2 protein chains.
Amino acid sequence: MDEVISLEECLQTLALEARELYLRDSVPVLDTEPSPLQFYKDFVSSNAPFIIRNCVSHWPALSKWNYKYLKEKLGDQSVSVAVTPNGYADAIHDGFFVMPEERQMKMGDFLDTLSSEPVSKAVFYLQKQNSNLTTELSCLVDDVDEHISWATEALGKLPDAVNFWLGDKRAVTSMHKDHYENLYCVISGEKHFTLLPPTETYFVPYGDFPAAVYKENSEGDFDIIPQPDIGTVPWVTVDPLSPNLKKNPEFAQARPIKCTLRAGDLLYLPSLWFHHVHQSHGCIAVNYWYDMEFDIKYNYFKFTESIGDICRYHHNEKRGRKKKETD
Amino acid sequence: MDEVISLEECLQTLALEARELYLRDSVPVLDTEPSPLQFYKDFVSSNAPFIIRNCVSHWPALSKWNYKYLKEKLGDQSVSVAVTPNGYADAIHDGFFVMPEERQMKMGDFLDTLSSEPVSKAVFYLQKQNSNLTTELSCLVDDVDEHISWATEALGKLPDAVNFWLGDKRAVTSMHKDHYENLYCVISGEKHFTLLPPTETYFVPYGDFPAAVYKENSEGDFDIIPQPDIGTVPWVTVDPLSPNLKKNPEFAQARPIKCTLRAGDLLYLPSLWFHHVHQSHGCIAVNYWYDMEFDIKYNYFKFTESIGDICRYHHNEKRGRKKKETD
């Protein structure tokens, strides 16, 4: 019995059985909103995503939110915008975990940069996940629902944050997972999701990287400024859209699920699911983050992660031994 | 890094975190019946047990069901009774997994044996789990609820079986687990449960045993008749009330949870929980088995079992090596 192969087989079976028992190869589309019980039972408890097409098409935001309206309502409002040289806020670059430059801008100026030809290499993304819709952009809250009623009833609490997203087509949210039950609604444009369930965590390579932030310099280039106070950050090292399988052979076993949301659509993205997101230019979205329960699923997930760590450790040892023998 | 210790540490952490995150050292007692959503969210989804005292005290069965009433209603009814020499139906004995002698008796005769001084060493237990309340004993169904309404609504289905239990104080249900969500109600007397969550599966030793049945012979002794057609049966090898820790050292890490149900009480015993049960003499109970969902919790449980198998395999190998070195 080869130890590494056996542990790996267990992890592979876990991933495979998830697909056979309660997940599909694509995100199922529901015809109507679920009841609170159905939402909890069939999706939250099973940790399974779904889409409802045109679920929020009746929101005033769908007809009202365009650059002109946002400029009229919010032109002088100061908003926090993530600025990067490549569209990647919170991602690995040059051996660092690089966070965006957080720039306070007038909403009007931000909208102008989005709607005109780029004058610099900078990519702008309004994506601050501190419930920016209810704080910086509170004059927009009447155009959407304050919360998703069936989710609030099922989860027994209001959302912890309601976030507004608007940005450049080059802006990318690199693969990561959140400790939230996430209800994601697109208001205009398109969002493209690449998803992986937590049962495939072993296939998703992580590294520890010293933290840094981007800072645009006077030449319009971006410097990477280390942030030693933050220390190192564990982050996913693979881009699911163009994975380096030589460096990350385990990822070949992952079976990413893709889906696209259009204006009016809602996605339930369950807690601990890995997700990578990109979008059409100027896509506007609103998402609701509800605190997850740290219950048996979370406990089992942490256990699975720790078994994956042991398995990876043995793989690396084996590779080390092989290398030594070859040297 | 010692492989066995590391895997074992992961399994220990899983068990410990379950206690810290969502289980307690005792079974919580609810003041009232939960709503279907609360039942699913706080208990089924978390795989956590609870008790409601006097939950079914209003059932006619509570005042009606005694030997006299049962004899009047059912005296001539043929019922299937488990007969054993020691009270253990479905348990390990002399290297076999021994099932009880299944004896068809008149209900009146069965009640007489229970209420009089024992004339043989045989222990009788009416415990056939084939929904015997709705089949053999259907004239009693009006005295209890057909199903537990909040559970039926939450689980979206009727119970798969409703079982009637009546037996000797020497009758014991040895430790095992079921693929059912179990709602257990005591009508008279007391039931004593010893429970272990599925996150402690590694601590629970199993063995594979050839199947057999008891058969009382003409001298009133019991023979063990092998059942080669059934093959071997995997079964728990430890008695949680007097564990042999020298033979099963892992069980020392288990933290069994005990609880007692009295007339009118209801226990929610979640799927895959190990349970050992004994009772006061003549205790009557009714339980409702609802099919469990084979979802993410089940998947993670099977994964945990398989990691436990690897861990045990290495332990045994190590013991074998040590023994060889000593020889």
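The values are calculated or read from the model by the stated rules, or taken from the named source; none is laboratory data. These numbers come from a predicted model, not from an experiment. We place every Cβ from the backbone using ideal geometry, glycine too, and count neighbours over all the protein chains shown.
General remarks:
- The residue that is farthest from the chain's Cα centre (by Cα), among those in region B:214-231 that are in a loop (DSSP other than H, G, I, E, B) and surrounded by 12 or more Cβ atoms within 10 Å (Cβ to Cβ), is B:D221.
- Residue within region B:39-61 that is of a type in the set (S, T, N, Q), modelled with pLDDT of 95 or more and touching a strand residue (DSSP E or B) at 6+ places or on another chain (Cβ under 7 Å) present: no
- Test: residue in region A:38-45 that is in contact with a Phe, Trp or Tyr (Cβ under 9 Å, 6 or more places away or on another chain), more than 29 Å from A:Y300 (Cα to Cα) and not in a helix (DSSP H, G or I): no
- Single unsatisfied condition, B:I296 versus (1) surrounded by 19 or more Cβ atoms within 10 Å (Cβ to Cβ); (2) under 25 Å from B:Q127 (Cβ atoms); (3) of a type in the set (A, V, I, L, M, F, W, C): (2)
- Among the numbered conditions (1) crowded, with 19+ Cβ neighbours inside 10 Å; (2) in a helix (DSSP H, G or I); (3) at pLDDT 95 or above, the only one that A:L7 does not meet is (3).
- Whenever a residue of region A:246-260 is part of a loop (DSSP other than H, G, I, E, B), it has no partner that is aromatic (F, W, Y) and loosely packed, with under 15 Cβ neighbours inside 10 Å lying with C-beta atoms less than 6 angstrom away and at least six residues away or across chains.
- Among the conditions (1) within 23 Å of B:E305 (Cα to Cα); (2) out of contact with any Phe, Trp or Tyr (no Cβ under 6 Å at 6 or more places or on another chain), B:V233 misses just one, which is (2).
- Note on region B:300-312: residues that are modelled with pLDDT under 95 and facing another protein chain (nearest Cβ under 7 Å) amount to 1.
- A:L158 buried (at least 16 other Cβ atoms within 10 Å of the Cβ) and more than 27 Å from A:G95 (Cβ to Cβ): no
- Residue in region A:153-161 that is touching a Phe, Trp or Tyr at 6+ places or on another chain (Cβ under 8 Å), closer than 30 Å to A:D208 by Cβ and of a type outside the set (G, A, S) present: yes
- Consider region A:281-299 and keep the residues that are assigned to a strand (DSSP E or B) and over 26 Å from B:C10 (Cα atoms). The one that is farthest from the other protein chains (Cβ to nearest Cβ) is A:I284.
- Qualifying residue in region A:53-69 (condition: within 8 Å of chain B (Cβ to nearest Cβ) and over 30 Å from B:I307 (Cβ atoms)): no
- Candidates A:K128, A:K71 - the one that is farther than 30 Å from A:P256 by Cα, touching a residue at least 40 places away in the same chain (Cβ under 8 Å) and surrounded by 15 or more Cβ atoms within 10 Å (Cβ to Cβ): A:K71
- One residue stands out among those in region B:18-37 that are within 24 Å of the chain's Cα centre (by Cα) and in a helix (DSSP H, G or I): the one that is nearest to the other protein chains (Cβ to nearest Cβ), which is B:A18.
- Residues in region B:191-213 that are surrounded by fewer than 21 Cβ atoms within 10 Å (Cβ to Cβ) and β-branched (V, I, T): B:T194, B:V213.
- Qualifying positions in region B:5-37 - farther than 20 Å from A:F303 by Cα and among the acidic types (D, E): B:D25, B:D31, B:E33
- Screening A:A91, A:A15 for residues that are buried (at least 19 other Cβ atoms within 10 Å of the Cβ), in contact (Cβ under 8 Å) with a residue 12 or more places away in the chain and away from every other protein chain (no Cβ under 14 Å) leaves exactly one candidate, A:A91.
- Of all the residues in region A:284-298, those that are within 16 Å of A:K157 (Cβ to Cβ) and more than 16 Å from the chain's Cα centre (by Cα) number 3.
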